[in-house]
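Below is one structure, written out as structure tokens; the observations come after it.
Nothing in this text is a laboratory measurement; each read-out follows from the coordinates by a stated rule. Just so you know, these numbers come straight off a predicted model, no measurement behind them. Virtual Cβ from ideal backbone geometry, glycine too; neighbours counted across all protein chains shown.
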Amino acid sequence: MISGKTAVVTGGSRGIGEAIVYKLASLGANVAVIYAGNTAAAENVCNKCKQDYGVEAKAYKCNVADFEAVKDTVAKLKADFGTAQILVNNAGITRDGLLAMMKEEDFDAVVDTNLKGAFNMIRHMTGLFIRNREGCIINITSVAGIVGNAGQCNYSASKAGLIGLTKSVAKELAPKGIRCNAVAPGFISTDMTENQTDNPLLKMIPLGKMGGTDDVAEAVAYLTTAKYVTGEVLRVDGGIAM
């Protein structure tokens, strides 16, 4: 059970992250919502958690790619919540383009947010987990990090790196009672995929449809309580990466 524990969710103001926040709050977890830009959206998510689920919820604006900013944010949430037991690294961006024409800054921005951002959060929260002798880290990767995707070399590289990070962290922190797993969504219906409705890859999904944000949130919820699972990559993709 996670009731009464504190969960930190990056990119928690919309899309998959928002669904994860609501799911964990519905299970009784207090939530720290990390967001990058839309303050009103983040506050709305927190207000819904308080009103609908009766938990504590607070929003923190932070660029997860900034090492020092993450350090300061973790200090703030520690002051507000006392500690935390769950971290969900969901923050992610895309800057799609063909490799031959991709700008260096587009490659760097995606890797810095999607991969280094997860490292930054894990790095600064590990101390809390070690003191608790308990911690659950869940990294939201992608099937693009497993099978690759043309036009997304930056995104696929960042998500593949996240899988490697997950497995290394799992091995390193297991003796401290800390688990680290990943969830790899496929085509999930969000505002980030609204321009993918004509993608021919959709026809290759064995289950014949895109997934929903709640499908990913359910997988995250499972991993928060799966006490004997670590270093795993759980696909939520309708079978496309089988």
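Values as computed for the structure displayed
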| item | result |
| --- | --- |
| Single match in Ala40, Ala59 (criterion: closer than 30 Å to Met210 by Cβ and in a strand (DSSP E or B)) | Ala59 |
| Given (1) within 17 Å of Ile20 (Cβ to Cβ); (2) aliphatic (A, V, I, L, M); (3) surrounded by fewer than 22 Cβ atoms within 10 Å (Cβ to Cβ), index of the condition Val45 fails | (3) |
| Number of positions in the range 77-101 that are among the polar types (S, T, N, Q) and closer than 13 Å to Lys5 by Cα | 2 |
| Qualifying residue in the range 26-36 (condition: in a helix (DSSP H, G or I), surrounded by 19 or more Cβ atoms within 10 Å (Cβ to Cβ) and touching a residue at least 12 places away in the same chain (Cβ under 8 Å)) | no |
| Leu173 surrounded by 24 or more Cβ atoms within 10 Å (Cβ to Cβ) and part of a helix (DSSP H, G or I) | no |
| Hey, Val110 assigned to a helix (DSSP H, G or I), under 15 Å from the mean Cα position of the chain (by Cα), under 22 Å from Arg235 (Cβ atoms) and not small (Gly, Ala, Ser) or not | yes |
| Condition broken by Ala100, with the remaining ones in (1) over 30 Å from Glu56 (Cα atoms); (2) of a type in the set (A, V, I, L, M, F, W, C); (3) touching a residue at least 40 places away in the same chain (Cβ under 8 Å) satisfied | (3) |
| Some residue of the range 200-208 being surrounded by 14 or more Cβ atoms within 10 Å (Cβ to Cβ) and within 19 Å of the chain's Cα centre (by Cα) | no |
| Of the criteria (1) more than 15 Å from Leu165 (Cβ to Cβ); (2) part of a helix (DSSP H, G or I), which one Thr94 fails | (2) |
